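The values are calculated or read from the model by the stated rules, or taken from the named source; none is laboratory data. Please read these numbers as outputs of a predicted model, since none were measured by experiment. Don't worry about glycine lacking a Cβ; one is built from the backbone with ideal geometry, like all the others, and counts go over all protein chains shown. In case anyone asks, the SASA skips ligands and DNA or RNA and just uses the protein heavy atoms, side chains included. Shrake-Rupley method; radii C 1.70, N 1.55, O 1.52, S 1.80 Å.
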Amino acid sequence: MSTSNFIVSARKYRPATFDTVVGQAQVTDTLKNAIKNKHLAQAYLFCGPRGVGKTTCARILAKTLNCFNMTEDIEACDQCESCKAFNESRSYSIHELDAASNNSVDDIRNLIDQVRVPPQVGKYGIYIIDEVHMLSTAAFNAFLKTLEEPPAHAIFILATTEKHKIIPTILSRCQIFDFNRIKVDDAVSYLEKISEKENVTYEPEGLHVIAQKADGGMRDALSIYDQIVSYSGNHITYKHVIENLNVLDYEYYFKMTDAFLDHQVGQAFLLFNEILDKGFDGHNFIAGLSSHLRDLLVCKDPVTIQLLEVGANISEQYKAQAGRCTPDFLFECLDICATCDIGYKSSKNQRLHVELALLRLCHIGIEKKKPDPVEISAPEKDIAPKVVSTTTSAASPKTPPKQVIPSIQIKTALAGASTPKKQETEKEPQNIVTEPAVTYGNQPVQPEAVVTAWNEFAESIKADDSRLYSILTTASPRLKEETKIFFSINSPLQKDAIDRVKQNLLKYLQSKLDNAKISLNIVLLEKPEHKKAFTSEEKFADMCEKNPSLLVLKQKLMLDFE
């Protein structure tokens, strides 16, 4: 590259026509069509990251609009008086304003006064305002009317990197164009063209690293390019680039991933130590390792392999290593790296923090040794369930004997109730009442027998669940249509408590009353409009409705109202 009258590449190779703009075809094509069809807006807003071509496109648009001999491709001719004046920075029809340093109301008022003057050369007076988000709120408000209804010869082109800082009333008056980040391949292609013009030899991998380091900005890529040329002479190599930019070599990531796959903890630790000795930060290493693992995952699917933004030689290395990795392995690696990345800054011992992550990565896929199964010897004697037999009542000597089945324990009925489940080793209470369970017959059911059986069930659970006992004894069951038993309750909570033991209660009643057709219906009464309680009895009744256990307490302590 020639050093006499040196001009930085970002200026020397700044695009001068729409076709030379890199990576913004969606913007340039729309602007060319608008010029061709004469569908020009009074204000444009160009938004996007730094170094992607916003101001460049604004200048090309302004130059093309005032060109006297526009080409068939809608490009400026560079030969007419207007184009020459623009190229020599002496045009009185195209004005540029830096809003970062001219952001006051007075600056905008001066601009508004200038807008009224028609252009001396060309058809339009074009005003390019860069970094427009830096204008104050008062300046924006002063600019509104002129921006909405400018003179016929005036066109405004605003550029900004922070669209969210522009007030909505300005946005609504502009045609908005969003500029993309420059893709790595587009940046590499442009750097190759510049290298050919400057007689600079290069390795494609080196240009890829430059493009990736630029992070989507073409101006940044050109600045880095000039820096590398100054460092390496007229021959850009991959080694020169990573040395000058302090970028970790891809080979470290490939070797580290091989250590993970081979479960070589020592090799991983030695590689990490070498990386630290070269002056690289552990946090940057983890971020780079995450990107490497992401690229390996991309290579696993032919559909996504196009997302891999590296040189051809390194791309083959990625494909080869991706063949050794399973998707599950890569998923787990990425998860461990993400956890390490999040906790790095808060860690007191950051090196150990990374080394623990490397240890976990090396142990992915190693099956943990399971403890030997413990043999459990069978009990010497099986404890058989007790069977309680029934005897024939003297009052009914002709009744045929009934087949005996295991008795129903009330303890089982409470299995789903609110009482906590007892441990198997806990001794069962001795006062649990059990009733004989027999095959259900078809004996007539008497209302008095229903109440008696119901109360027996309630007494049986009294020691284990006093709350449920209180609910069952607040009212008496009613027998209807010979076999239908109805029981009324006052709240959904009471209904839920009974529903948990409903099936066992029903089986108990069927067995006790010797009738398989018995059904149990729990009825939730609709509450009348609540009246305020005045007397002590009324207040206590309201309390018992919310907590039936109070009634049990009153009965046990034999309390009464004064």
Just read off the accessible area of residue 355 with the full protein assembly in place, 1.4 Å probe, to the nearest 10 Å². 30
per DSSP, antiparallel bridges as share of beta bridges in the range 441-535, % nearest 5, sits at 40
Among the listed pairs 462/539; 163/183; 183/319; 32/84; 36/163; 12/345, those beyond 32 Å (Cα-Cα): 12/345
Please report, in debye to the nearest 20, how large the charge dipole of the range 315-366 is about its Cα centre when each Lys and Arg carries +1 at its beta carbon and each Asp and Glu carries -1 there. 220
Using a 1.4 Å probe on the protein heavy atoms only, what accessible surface does residue 116 show? Give it in Å² to the nearest 10. 150
Heavy atoms only, 1.4 Å probe, whole protein assembly: order 242, 7, 305 by accessible area, highest first. 7, 305, 242
For residue 97, the residues 5 or more places away or on another chain with a placed amide H closer than 5 Å to its own amide H are 128, 129, 130
In square angstrom, rounded to the nearest 10, how much accessible surface does residue 70 have for a 1.4 Å probe? 70
If you place +1 on the Cβ of every Lys and Arg and -1 on the Cβ of every Asp and Glu, how big does the dipole about the Cα centre of the range 189-335 come out, in debye to the nearest 20? 180
State the Cα centre-to-centre distance between the range 447-473 and the range 49-67 in whole Å. 90
Dipole of the range 64-171 (Lys/Arg Cβ +1, Asp/Glu Cβ -1, origin at the Cα centre): which of 102, 64, 76 lies farthest to the positive side? 102
